[in-house]
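Structure first, commentary second.
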Amino acid sequence: MVKELKSAFLLVAIVAALLATSSSASAQAIRPKLDPSYIPPRTPDGKPDLQGIWETRNAAAFDVSEVAEGHEIPYLPEALDREQKGPRVDPIAHCKMPGVPRITYMPFPFQIMQRPGYVVFMYEYLHDQRIIPTNSRPHIDGIDLWLGDSVGHWEGNTLVVDVTNLDERSWLDSARHTHSDALHVVERYTRTGPNTINYEATIEDPKTYARPWKISMPLYRNTEPGFELREQECTEGDNGRPIHPLYRPLPKGDPLELTR
Amino acid sequence: MEGGTLPLQPWAAAKAKELTQHMELDPTGHCHYEGIPHANYFPFQIFQTPKYIAVLYENMHARRIIYMDGSPHPRDYLAWMGDSRGHWEGNTLVVDVTNNNDKSVFDMAGHFHSDALHVVERFTPVDKDTINWEATIDDPKVFTKPWKMKFPLKRAPQDFEMLESGCFEGERDAEHLVEGLATVPKDHYTEKEKEKEKQR
C-alpha cells in the first residue's frame, strides 16, 4: 500500500534515499536463497552464532510495504480512519525510538552479541539496545515501551523473538503506517550463509489489521575491516559518517506545519 | 574523590560556580549521554567476550563497547561517551577513555571538562558481588593536575532486569531536538549577564 505523502520534505528525502541505494537495489534483486543444507557455526554453548555487525539494504524504513508479503498491509477500515486523524509528525523526528520491527530496517548497522541466556542487539541508531533473555520468561505486565518487551527462544537454527508491550505511538516507517497498543511482533532470525541472515517478522494487531501479515528481508554482514559501531546522538546526527538525508534537521518553523 | 576538592584551574572554578546557577543547561536534562565517568553512577549490565566488553546502561539507554583487541582509538571522532579501549592487568580491567567531546559533565554540580579529557578506569572484582571501580581523570585544559575517584559497584539482585529509559518523553524542548543544537547556545551566558545588568 502506497499512501499519499503530503510532506515535500519526506518526498525529497525518499527520492534521495532511493538514488543513494540504487546500487544496492540490484544486489537485493539477487536475494540470498534459503539453503537448507547450510549449517551455521555455533557459539560455545551450542546455539547458532548470529554475532557480528549487520545491516539491511532496502527502503523499508521509508515504506514498509516494500518488504511486506504481496506488498500490501491488510488495514481495517477503522484503523485507516484512525490513522488519518492521528499525528502527522514521524515520532523519530522528535528522537523517539523507532519501535520493533522498524529498528531493524533503519538505515544504520547493528551488532548482535550472544551470551548464555541472552541475545543482545546493539543498534547504532539512537544507541538503542535490546537485551533479549532466551529463557522464554513471561512478558512483563503493565508497561509499554518504545522497543517493547522481547523474549527469545531457539527453534532449530532460528532465533525466535516474541515482542509485545509496544508503545502505540511508534510508526512502522516514514510513510505513516501505524499500529495500536495491541501490536504483537514475532521475529525470526535464521543464518543463511556466512554473511547473511534471513529476517522475517509476523505482525499481528487485531485493532489495526484484518489478519497477521509478514515482512521479510535479508540482513547483510558488514565486512569492512575494522568497522565499529559509532555513537549516533539523535540531536546531532554526527558520528563522522555522512548523515542520511531523512535524518537531517528539519528547517526552521513549526514541525507540525511543515508536514501538513 | 581523593582529597575532596577538584583541582580546577581558576577560570574553570569560576565557570563551574556559574554553571550551578544554570541547571537548565545540564546536558542530561536535554537527554544527552552522561559520558564517562558520569554514566557509571547508574545501573548497568556488562556482557563480556574475549574481543570486546559491552556495557549497557539503563539511564538514557546509553552504551559503550570496550574493545579489547589492542586496536587504537580512532582519530576522526569525538563522542559523548568517548572511545573505550581496554586490557587486563591481572584481575583488573583497565579501560582507557579518550575522544570525549566537551559537552558532557561530571555531575549536577557544575563540574565540566574539555575535549582533552582522558579517563583511565580500573575495574577490580573483590568478591562475587562487588567490583571496586576507580578512575584517574586528566584534563590539562581544566584541571591543574590529574585526580582520582573511586566507589564500589554492587551486583544487582538475580531477578533484576533493566527497563527502557527513553528520555524523550513529552519533551517540551523540540527546538533543541529538531534544530540539532547541541546543548548550550554560544552566547547564553553573555545574554544572561546582560539581562541581570539591566535588572540592576
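When you work out D = kT/(6 pi eta Rh) for region B:47-102 at 37 °C and 0.692 mPa s, using the Kirkwood radius from C-alpha pairs as Rh and the Stokes-Einstein form, the result is 275 µm²/s.
Cross-link pairs exceeding 21 Å in C-alpha to C-alpha distance, out of B:K103/B:K198; B:K15/B:K141; A:K85/A:K207, comprise B:K103/B:K198.
Residue separation of A:S180 and A:N195 scaled by 0.36 nm, minus their Cα-Cα distance, works out to 1.9 nm of gained length. For region A:133-232, what log10 I(q)/I(0) values come out of the Debye formula at q = 0.10, 0.12, 0.14 1/Å, with one point per alpha carbon and no solvent? The computed values of log10 I(q)/I(0) come out as -0.35, -0.50, -0.67. Within the shell defined by Cβ-Cβ distances under 14 Å, the residues around A:T43 carry a net charge of +3, with Lys and Arg each +1 and Asp and Glu each -1. Using a probe of 1.4 Å, the accessible surface attributed to A:R42 totals some 120 Å² when neighbouring protein chains are kept in position.
Only protein heavy atoms count here, probed at 1.4 Å, and on that basis chains B and A bury about 3500 Å² of accessible area in total. The label point for B:K154 and the one for A:E72, both projected 7 Å from the Cα toward the Cβ, are 5.9 nm apart. Subtracting the Cα-Cα distance of B:D102 and B:K198 from 0.36 nm times their residue separation leaves 31.5 nm of extension gain.
The Cα center of region A:36-104 and the Cα center of region B:106-157 differ in position by 39 Å.
Convex hull volume per residue, computed on the Cα atoms of region A:41-86, equals 173 Å³.
Given 0.36 nm per residue, what is the gain on full extension from A:R169 to A:S216 after removing their alpha carbon distance, in nm? Going from the current span to full extension adds 14.6 nm. Modelled spin-label separation between A:S37 and B:T144, with each label point placed 7 Å from Cα along the Cα-to-Cβ direction: 7.5 nm. Distance between the modelled labels on A:K85 and B:V120, one decimal in nanometres: 6.4 nm (7 Å Cα→Cβ projection). The largest accessible area among A:S174, B:S71 belongs to the first residue in B:S71, A:S174, and the rest follow in falling order (1.4 Å probe, all chains). Sorted largest first by accessible area at a 1.4 angstrom probe radius, with every protein chain in place, the residues B:V120, B:V97 fall in the order B:V120, B:V97.
Going by accessible surface with a 1.4 Å probe and the largest first, A:R82, A:R188 read A:R82, A:R188.
Partner shielding of B:46-56 amounts to 3, given as the average count of beta-carbon atoms from other chains within 10 Å of each residue beta-carbon.
The values are calculated or read from the model by the stated rules, or taken from the named source; none is laboratory data. Everything numeric here is computed off the predicted structure, so don't read it as measured data. Glycine gets a Cβ as well: all are built from the backbone with ideal geometry, and neighbour counts include every protein chain shown. What goes into the accessible areas is simple: the full protein's heavy atoms, side chains included, and nothing from ligands, DNA or RNA. Shrake-Rupley method; radii C 1.70, N 1.55, O 1.52, S 1.80 Å.
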